[in-house]
Amino acid sequence: MSARIIDGKSFAATLRDRVGTEVSRLKDSYGVTPGLAVVLVGEDPASQVYVRNKGKQTLEAGMHSVEHRLAAETTEADLLDLIDSLNADPAIHGILVQLPLPGHLNSDLVINAIDPAKDVDGFHISNVGLLGTGQKAMVPCTPLGCILMLRDLHGDLSGMEAVVVGRSNIVGKPMANLLLGESCTVTIAHSRTRDLAETCRRADILVAAVGRPEMIPGDWVKPGATVIDVGINRIAAPEKGQNDDGSAKTRLVGDVDFASASAVAGAITPVPGGVGPMTIACLLANTVTAACRIHGLPEPEGLAI
Ligand code: GUN
């Protein structure tokens, strides 16, 4: 058996089109242009790439986009002042502070300074609490993308056995809460789980979000299960040869061993091209949702949960 490949790239393109349509509707019907501000502190190369892509896609969707690139030595007081001014800016409906922050900055303090209504990452403690109690919240982008794909694939998820491997605040915990909201039976597994292989084999829906390259082999996957691989890991690929400077070429892999898992699963997200593209598309969707809620306008179907 060979699994159906879940095409996150095409799913994300469809979602971005929907966002673009809703942005036009908000502009034409209500004179509201959704605006997203992204704040990057320091020069982490991976973060710079993410921030550039976020800004580009925000503009492509017809939204207002602002980028604040701050020096790595920026003080907490200066960063909090910037967040205050973005909270007060009526042209801004979404604020994203790119993580990780440099070590001298307290991420919790900074994230919790964002107006929860503009917290398009869903990381503010108020949104975490709302999601955890089954209330309307801003939902973290990666888990939101996973749920939208799972709903599209299965329709009703009620009663399914879901196992989330990984307990991060960004993916594992919100993912588990969302699956619970879909009436799945949910297990959160992690590095201390006693029999991880056996736990994974129970899953109708297996979500891998641990950040360890190819750690879940095919024989941990129940035949026919849906596998959602959130991992994006860069590993050496000597088979691709060397770069000009003599270093090994690299390739991206997930947390799941795709070759063996795709022979067993019913459906699986590839890496790259699975969950990854959905994250920024969901950030755009969250910005539209935030703009609608802030202005008391009807929310479009299918962009939020
Ligand atoms: N760094 C890696 N992923 C994310 C994300 O989803 N949001 C923010 N703010 N920073 C990140």
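Quick look at the numbers
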read-out	value
Selected residue (only one of Ser2, Ser65, Ser29, Ser24 is in a loop (DSSP other than H, G, I, E, B) and of a type outside the set (Asp, Glu))	Ser2
Residues within region 119-135 that are more than 13 Å from the ligand (Cβ to nearest atom), touching a residue at least 24 places away in the same chain (Cβ under 8 Å) and of a type outside the set (Val, Ile, Thr), tallied	3
Single residue of region 93-102 satisfying the filter (within 15 Å of the ligand (Cβ to nearest atom) and not in a strand (DSSP E or B)) that is farthest from the chain's Cα centre (by Cα)	Pro102
Residue in region 274-285 that is modelled with pLDDT under 95, hydrophobic (A, V, I, L, M, F, W, C) and not in a helix (DSSP H, G or I) present	no
Ser10 closer than 20 Å to Val271 by Cα, surrounded by 13 or more Cβ atoms within 10 Å (Cβ to Cβ) and small (Gly, Ala, Ser)	no
Residue in region 22-37 that is crowded, with 18+ Cβ neighbours inside 10 Å and of a type in the set (Gly, Ala, Ser) present	yes
Those residues of region 224-256 which are part of a loop (DSSP other than H, G, I, E, B) and surrounded by fewer than 14 Cβ atoms within 10 Å (Cβ to Cβ), in sequence order	Gly224, Ala237, Gly241, Asn243, Asp244, Asp245, Gly246, Ser247, Lys249
Of all residues in region 66-98 being among the hydrophobic types (A, V, I, L, M, F, W, C) and without any contact (Cβ under 8 Å) to a residue 24 or more places away in the chain, the one that is surrounded by the most Cβ atoms within 10 Å (Cβ to Cβ)	Ala88
Tally of residues being of a type in the set (A, V, I, L, M), out of contact with any helix residue (DSSP H, G or I) (no Cβ under 9 Å at 6 or more places or on another chain) and within 15 Å of the ligand (Cβ to nearest atom) across region 47-92	3
Residue among Ala46, Ala37, Ala71, Ala12 that is in contact with a Pro (Cβ under 6 Å, 6 or more places away or on another chain) and either of a type outside the set (Asp, Glu) or farther than 20 Å from His124 by Cα (or both)	Ala12
Residue match in region 245-253 (condition: within 16 Å of the ligand (Cβ to nearest atom) and without any contact (Cβ under 8 Å) to a residue 40 or more places away in the chain)	yes
Any hit, region 269-285, residues being away from the ligand (no atom under 16 Å from the Cβ), among the hydrophobic types (A, V, I, L, M, F, W, C) and crowded, with 19+ Cβ neighbours inside 10 Å	no
Any hit, region 41-48, residues being under 18 Å from Glu301 (Cα atoms), surrounded by fewer than 20 Cβ atoms within 10 Å (Cβ to Cβ) and in contact (Cβ under 8 Å) with a residue 60 or more places away in the chain	no
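The values are calculated or read from the model by the stated rules, or taken from the named source; none is laboratory data. For clarity, every value in this text was computed on a predicted model and none was experimentally measured. Note that each Cβ is placed from the backbone with ideal geometry, even for glycine, and that neighbours are counted across all protein chains shown.
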